[in-house]
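Reading through the structure tokens given below for one structure.
The values are calculated or read from the model by the stated rules, or taken from the named source; none is laboratory data. Just so you know, these numbers come straight off a predicted model, no measurement behind them. Glycine also receives a Cβ, built like all others from the backbone with ideal geometry; neighbour counts cover every protein chain displayed. The area values use the complete protein model at the heavy-atom level, side chains included, leaving out ligands, DNA and RNA. Shrake-Rupley method; radii C 1.70, N 1.55, O 1.52, S 1.80 Å.
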Amino acid sequence: MAVERTLSIIKPDAVAKNVIGEILSRFEKAGLQIVAAKMQHLSREQAEGFYAEHKERPFFKDLVDFMTSGPVVVQVLEGENAVLKNRELMGATNPKEAAAGTIRADFANSIDANAVHGSDSTTSAAREVAYFFSDNEICPRG
Ligand code: RTP
Ligand code: MG
């Protein structure tokens, strides 16, 4: 398996619930390293650009409203099979369908306020990591 990087966002609902540490701890316990991190209140422009692939979807405005409703914590996770591993830790998009013990099953309220984002492929990950971080903000341990 290849060492990959993936972009993870702790969304405004999870930040408001004060579970940043619990969520980051799950990544570390699963063997992923946090190699970059920052807290930010996204502008509409930033959220729209990040979710550009969903621009034509009916939920786009609600998604942007939600993602700009409060601060988020954005991080780059690195490790073996990081993209899929993070998606497994997150659980299904709709928390009602998320497997027990996943982040969304434990912390998410709804399909909109679903606690976390994770890149869905290595291609998306490369775009999303570069969207938020410059090379000198990423600190792999080697
Ligand atoms: P994410 O991008 O946030 O990691 O989530 P995902 O891959 O599991 O889901 P995606 O299809 O990429 O959708 C992005 C976010 O849009 C919201 N959504 N709402 N109301 C709806 O039908 C609906 N579908 C998606 C969710 O907040 C989802 O995380
Ligand atoms: Mg997605």
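For this structure, a couple of remarks:
- Single residue of 109, 114 found to be within 13 Å of ligand 1 (Cβ to nearest atom), closer than 16 Å to residue 22 by Cβ, touching a helix residue (DSSP H, G or I) at 6+ places or on another chain (Cβ under 8 Å) and open to solvent by 20 Å² or more (accessible area, probe 1.4 Å): 109
- The helices (runs of 4 or more DSSP H) located wholly in region 1-88 include none with 2 or more residues which are open to solvent by 50 Å² or more (accessible area, probe 1.4 Å) and of a type in the set (Phe, Trp, Tyr).
- Tabulated pairs, region 32-59, first within 23 Å of residue 94 (Cβ to Cβ), second of a type in the set (Val, Ile, Thr) and more than 16 Å from ligand 2 (Cβ to nearest atom), C-beta under 9 angstrom, 6+ apart or interchain: 42/68; 47/68
- Scanning region 121-142 for residues that are touching a strand residue (DSSP E or B) at 6+ places or on another chain (Cβ under 9 Å), open to solvent by 80 Å² or more (accessible area, probe 1.4 Å) and not in a helix (DSSP H, G or I) returns a single hit, 141.
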